[in-house]
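To start, the structure itself, in structure tokens.
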Amino acid sequence: MTPPSVPIATPAPGAAPPRVLAIAGSDSGGGAGIQADLKTAAAFGVHGMTAVTAITAQNSMGVHGVWELPDDAVRGQIRAVIDDIGVDAVKTGMLATPGLVRLVADELRGLAVPLVVDPVGVSKHGHRLLEPDAVAVLRDVLLPMATVTTPNLDEVALLTGLDVSDDGGLWLAARAMLDLGPRWVVVKGGHLPGDAVDLLTDGTEEVVLRAPRADNRHTHGTGCTLASAIASGLALGLSVPDAVRAAKEYVTGALRGGYALGAGIGPVDHSWRWRAAAAAEDRA
């Protein structure tokens with residue numbers, strides 16, 4: 001099936017667009033974390049909101065410091081948004097500590113909107129972002145609440161102990177992740193050689209998402225962007241398969257447009273659609 005074009009919300013003038021809450025850490029370099037979440041929300045035309053869980057000092061070379069926010073600060077942000085503005089979908093990212101995972105689960109429990117859990121374990125540069133004691137809490141408490149979870153292969157290994165080295169292992173990884181309780185899982189095969197292949201399944205329906213690998217090392221923020229794109233699609237009312245297809249299409253374009261920023265790994269281009277449209281107008 002051909003992936004759908006990336007949707008964008010078009011509310012009537014003065015009307016609010018769908019609302020997506022990202023609960024995640026801040027990336028001072030602007031490529032990942034809540035910065036990527038907000039840029040992705042804007043690209044889909046939805047209203048992005050945040051509950052910041054941690055401040056990181058990071059740039060293209062790596063993570064240089066992490067400071068978790070107090071539980072009351074995280075809880076206060078979540079409640080302020082939900083109690084007044086409301087949400088149509090929620091995405092979680094960096095939740096470093098056991099207490100923070102439990103807090104987020106408690107605040108979201110009973111909320112009747114889609115939940116996308118990006119089980120962030122390690123940064124692009126290899127910096128651990130999830131405390132060892134938090135792994136079991138994420139696995140046992142938050143993942144069973146997820147509408148969709150989006151682990152990469154390192155995160156599959158962290159959560160299930162299963163190592164995957166080829167495309168065939170994606171189905172085993174998906175089954176192991178589904179056994180933890182989420183309704184759907186997207187196993188990201190981006191660390192494997194060859195095409196960029198991801199597997200979406202709920203145990204019954206399966207969708208293989210394949211795209212040519214971009215010849216570009218500037219991939220910072222890929223995982224955050226995919227999860228936020230899925231949440232944006234779900235907030236727009238798409239089914240899970242269509243939301244994931246649209247997210248894959250958006251991320252594929254963002255990867256192709258990734259650009260050098262600093263001396264290390266640059267970010268994906270969250271504005272690639274606008275740049276492509278502007279370039280087409282210039283050529284016309």
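The values are calculated or read from the model by the stated rules, or taken from the named source; none is laboratory data. Model, not experiment: these values are computed from the prediction. Positions of Cβ are generated from backbone atoms using ideal geometry, with glycine treated the same way; all protein chains shown enter the neighbour counts.
Okay, here's what the table says:
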read-out	value
Count of residues meeting criterion [closer than 16 Å to residue 117 by Cα and among the small types (Gly, Ala, Ser)] in segment 177-193	1
Candidates 29, 33 - the one that is touching a strand residue (DSSP E or B) at 6+ places or on another chain (Cβ under 8 Å), closer than 13 Å to residue 228 by Cβ and buried (at least 22 other Cβ atoms within 10 Å of the Cβ)	33
Any chance residue 97 is among the hydroxyl-bearing types (Ser, Thr, Tyr), surrounded by fewer than 18 Cβ atoms within 10 Å (Cβ to Cβ) and over 26 Å from residue 233 (Cβ atoms)	yes
Pairs where the first residue, in segment 12-24, is in contact (Cβ under 8 Å) with a residue 40 or more places away in the chain and the second is aromatic (Phe, Trp, Tyr), C-beta under 9 Å, 6+ apart	18/44; 20/44
Members of segment 36-62 that are modelled with pLDDT of 95 or more and on the phi > 0 side of the Ramachandran plot	45
Condition met for residue 31 (of a type in the set (Gly, Ala, Ser), touching a helix residue (DSSP H, G or I) at 6+ places or on another chain (Cβ under 9 Å) and under 17 Å from residue 269 (Cβ atoms))	yes
Matching option when the condition is outside any loop (DSSP other than H, G, I, E, B), within 23 Å of residue 121 (Cβ to Cβ) and at pLDDT below 95, among 99, 65, 25	65
Checking residue 90 against (1) of a type in the set (Val, Ile, Thr); (2) under 22 Å from residue 72 (Cα atoms); (3) assigned to a helix (DSSP H, G or I), the condition it does not meet	(3)
In segment 48-65, residue surrounded by the fewest Cβ atoms within 10 Å (Cβ to Cβ) [restricted to those that are polar (S, T, N, Q) and within 22 Å of residue 229 (Cβ to Cβ)]	50
Per-region count, segment 214-243, residues within 17 Å of residue 155 (Cβ to Cβ) and assigned to a helix (DSSP H, G or I)	8
Residue within segment 216-237 that is over 15 Å from residue 7 (Cα atoms), more than 14 Å from the chain's Cα centre (by Cα) and surrounded by fewer than 17 Cβ atoms within 10 Å (Cβ to Cβ) present	yes
